[in-house]
Amino acid sequence: MSAPAPSMFSPAAQAAAERLSLTKGGANLEAFADTLLELARADRRIMAVTSDSRGSGKLGPFGQALPQQIVEVGIAEQNLVGIAAGLAAVGKKPFATSPACFLTARALEQVKNDVCYSDVPAVLVGISAGVSYGALGSTHHSLHDFAALRAIDNITIVAPADNAETIAAVHAAAAATKPVYLRFGKAAMFDLPAGNDTATFAFGRARRLRDGRDAAILATGETVIHALLAAEHLAAQGIACRVESVHTLKPLDTHAVLAAGRDCGAVLTVEEHSVHGGLGEACAAALLQAGVHVPFAIAGFPDADTVTGSQSDIFQHYGITMEGLADRIHSLRSQRQQ
């Protein structure tokens, strides 16, 4: 039996979570699967399409409950997207579910042409995203998906931060009339503070979790919890940090991004993705084009061979932790003071 994966959170980070009264939920992927089944029971148009990922996508109960509403294509991601596009074109609402690393690489042409160019309301679900696969290495990491999909017209890109955002995002995707990409990891997530209530969740509108003007941390997906804990850590040092969950990369909430640049002394973006082509570069472009100049940095994965290890090991190595992000904020603030 293999040893359990190390915790994503240091003892100090866990203490910060306790001070914020955060409780541990399940993996966003599990919230996705439960919500999809609930919606599909009420609407026979909703279907799951999988590429040998029924188990990893937590869709086993869906298949048992609704065998007429699930299609298994095997390890054939291009077929997965093509079939989902065809189902969407005839009035179905397919959720095409596959590991993000394969869905947005091997099937990219089908995503571009069959779904986006053809303008069908298919939902593409990238599971085990980022570095969730840990020691399986770069072949199984998806640190390119934001960049690849941002360059394709006519697709909404969403990376929920916690279970509440996931549930809201699945509901919004089911109601969408355009293509949507949902990105989920495997780790159990803390339930975040309500912030901008998820009852008002909408694609393209960031969710503010904490206010402050000394610095702002704009984060997406499973990195948001680390940003929130970093803000709590910095608060003990007298530094007030704004934290935004930027769950939608496209369309980007430029209002929230520009407000952070204008209101706060520094801006740090955080993502489980390459520093090229993702949230950070989208925010940098928005700020610069609006003439907003502020100390700015991107926390993500550099243009280098990714280290091997668990997701926790990899996050630690690249500083996507409470302590690492707090250090980045200190560095940015020192730039402003120079």
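We did not get these values from a lab; they are worked out from the coordinates using the rules stated. No experiment lies behind these values; they were computed from the predicted model shown. Positions of Cβ are backbone-derived with ideal geometry, glycine not excepted, and every protein chain shown enters the neighbour counts.
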Dividing the mean separation of Cα pairs under 8 Å (6+ apart) by the residue count of segment 26-189 yields a relative contact order in percent of 28
Charge tally for neighbours of residue 88 with beta carbon under 13 Å away, counting Lys, Arg as +1 and Asp, Glu as -1, is +2
antiparallel share of DSSP beta bridges within segment 26-189, to nearest 5, in %, is 10
Counting only residues 5 or more apart in sequence or on a different chain, those whose built amide H sits under 5 Å from that of residue 299 are 269, 270, 271
Of all DSSP beta bridges having both residues in the chain, the percent classed as antiparallel (nearest 5) is 20
Across the alpha-carbon set of the chain, Rg over Rh with Rh taken as the Kirkwood radius works out to 0.96
For residue 186, the lysines lying under 22 Å Cα to Cα, once residues fewer than eight places off in the same chain are dropped, come out as 24, 58
Given Cβ charges of +1 for Lys and Arg and -1 for Asp and Glu, the option among 121, 48, 136 whose Cα lies farthest towards the positive end of the dipole of the chain is 121
Whole-percent tail of the Cα-Cα distance distribution for segment 26-189, cut at 29 Å, equals 7
Percent relative contact order for the chain, counting Cα pairs under 8 Å at least six residues apart, stands at 17
Quick calc: nm separation of the 7 Å Cα→Cβ label points for residue 90 and residue 136 -> 3.1
Trypsin sites (Lys or Arg not before Pro) in segment 49-99 lying in a DSSP loop, each with at most 13 other Cβ atoms within 10 Å of its Cβ, come to none
Magnitude of the Cβ-charge dipole (Lys and Arg +1, Asp and Glu -1) of the chain about the Cα centre, nearest 20 debye, reported as 540
Interchain or sequence-distant (5+) residues whose placed amide H lies within less than 5 Å of the amide H of residue 25 are 189, 190, 191
The alpha-carbon center of segment 1-69 and that of segment 239-275 are separated, in whole Å, by 26
Log10 I(q)/I(0) at q = 0.20 Å⁻¹ for segment 224-266, from Debye over equal alpha-carbon scatterers, is -0.70
As straight-line cross-link partners of residue 178, the qualifying aspartates and glutamates (C-alpha separation under 14 Å, not fewer than 8 residues apart within one chain) are 114, 119, 153
The extension gain from residue 18 to residue 333, computed as 0.36 nm times the residue separation minus the Cα-Cα distance, is 110.7 nm
Per the helix-only model, the chain has a calculated mean residue ellipticity at 222 nm (DSSP H runs of ≥4, -39500 (n - 2.57) each, divided over all residues, rounded to the nearest 500) of -11000 deg cm²/dmol
